[in-house]
Every structure is written in C-alpha cells, then in structure tokens.
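Notes for the one structure printed next.
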Amino acid sequence: MDIAKVEQLGDNLEKARKQFDSWASEQVGAQELLKQQHAKSVGDLSRSIDELKERETEAKKEQADFNRKLENQKQELEDLRAGISRLGLRKQTLPEKKEQLAEAIRSVKDETHVQRKDLDAATREMNTALASFNSTIELYEKYLGLKFEVQEESLKFIFTDIDPSDRERAFTFCLRFDGEVCRVFDCQPPLGNTSNMTTSMGNRRELSGLVLAMRKLFVDLARQ
C-alpha cells in the first residue's frame, strides 16, 4: 500500500472527525439552547396561565360585585316605586284629611267659644258672690265688731266686744273652702263639735246666719 495514500487517508479521517465533533458540538449547543428556550417558554406560559387565572378570579369577583350592586339598585328602584305609589295614595286622601282637619278646627273653636262663655258666666257669678260677701263683711265690721284675716286656705273671723269683763278679748273661728261649701274649724276658745256647721259661699243669708250663730255661741261661752 502506498504510504502517502495512507497518510492522506488519515488526514482526511482526522478532518472528518473534527468536522463531526464540531457539528456534534453545534448540535448539542443547539439542543441545549432549544431546551432553555423551551423551559423559558413553558415558564412564561405557566405565568401567563396563572395571570389569566387571577384575572378570571378578579373578573368573577367584579361580576359578583356588579350583580350585587345591580340587585341593590333594583331593590332601591322597587322601593322608590312603592314610595311613589304611597305618595299617590296620600295625595288622593289629602283633600279628605284636609276637610277633617278643618272640621276639627271648627269644633275646637266652637268648644272654645262655649268654654269662654261658661268662664265669663262663672266669673260674673263669682264677682256677684264676692260683692255680696264684701257687703256682708262691711255690715259685720260696722255692727258686730267683727274683723277678718285672709289666710292661705281659709278665712279667719275675729269677734270682739263679746266678753263684758274684757271687751278686747278675741273670739275666733275659721272657714275652710271645700268646693262650693265653707266649713267651720279652729274655734278659739273651743266650742266643741262644729264640723257640721257649713254655709254656701254665694248665699249671703246662709253666711249671715252662720256668723250670727257663731257669735251667739261665743256670747253664751263668755257668760259661763
């Protein structure tokens, strides 16, 4: 065999091996790059999927919030319609209520007028009774030596010129107003049971009779 050819064949084989190694290295690098790109793509895709899931969750939450707001708005609208309906009913009954109120006002005015007339009549009656009482008092003071003291809840009668041994000695009793009736109490000096002795404030004759009767009791007591 020709040595030159063998050497040439060896060189060719070495070149072929180097080319193969270079190609293999390039292929391995390309495969590694593809793996890295694939891993990156898978990671990006996974993150994108997670983001989509988060967006889907947020979208569902926003949709639920929107649905709740929509239901609330629907309820508010129904309430508003019901309120408008009630206002319509009130508007329909307003004239009737207005007339009822006017009638009530007229009734109060009429009742007030009647009460005012009754009050005026009672005032006139009281003034008449007071005038009669004052006239009686003047007579008592003039002819019987009688004086009066107006107390918080009663009227005190004070007699003098009863006891022959002491003309200035005071004999007293009180009249307590019990409705339309006056009752005798607190006699000084004591006269015994006088609780049944009463008079009508507006009856001048009864009052005069009571005062004279009390004076007679004091006169009899002074003579004992």
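Rule-based calculations on the coordinates, nothing more; no lab input. All of these numbers come straight from a predicted model, not from anything done at the bench. Please note: Cβ atoms are built from the backbone with ideal geometry, for glycine as well, and neighbour counts cover all protein chains shown.
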Point to revise | Whichever lysines have a C-alpha closer than 21 Å to that of K216, once near sequence neighbours (fewer than 8 apart) are set aside | key: K142, K147, K156
Review point. In Å, the Kirkwood hydrodynamic radius of region 144-223 over pairs of distinct alpha carbons?
Key: 12.9
Review point. What dipole magnitude, in Debye to the nearest 20, does region 144-223 give about its Cα centre under +1 on Lys/Arg Cβ and -1 on Asp/Glu Cβ?
Key: 280
Point to revise | Radius 9 Å from Cβ of L175, net charge of other residues (Lys, Arg +1; Asp, Glu -1) | key: +3
Revision key, fill the gap. Between M197 and residues 5 or more places away or on another chain, the pairs with built amide H atoms under 5 Å apart involve V184
Review point. If the cut-off is a Cα-Cα distance under 18 Å, which aspartates and glutamates reach K117, setting aside same-chain residues fewer than 8 apart in sequence?
Key: E125
Review point. Which order, highest average first, do 187-194, 5-12, 156-163 follow once you tally other Cβ atoms within 10 Å for each residue and take the mean per peptide?
Key: 156-163, 187-194, 5-12
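Could you work out the helix-only [θ] at 222 nm for the chain, with each DSSP H run of four or more residues adding -39,500 (n - 2.57) and the total divided by the number of residues, to the nearest 500 deg cm²/dmol?
-27500 deg cm²/dmol
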Practice item. Sequence neighbours fewer than 8 away in the same chain don't count; with that in mind, list the lysines whose C-alpha is under 25 Å from K5. Key: K15, K18
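Relative to the Cα centre, what is the charge dipole magnitude of the chain, using +1 at the beta carbon of each Lys and Arg, -1 at the beta carbon of each Asp and Glu, and rounding to the nearest 20 debye?
So the dipole magnitude of the chain works out to roughly 1040 debye.
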Check your understanding: Of N203, A30, L13, which is farthest on the positive side of the dipole of the chain, counting Cα position, with +1 on Lys and Arg Cβ, -1 on Asp and Glu Cβ, and the Cα centre as origin?
Key -> N203
Check your understanding: At q = 0.09, 0.11, 0.16, 0.18 Å⁻¹, what log₁₀ I(q)/I(0) does a Debye calculation on the Cα points of the chain give, no solvent, two decimals?
Key -> -0.74, -0.85, -1.14, -1.26
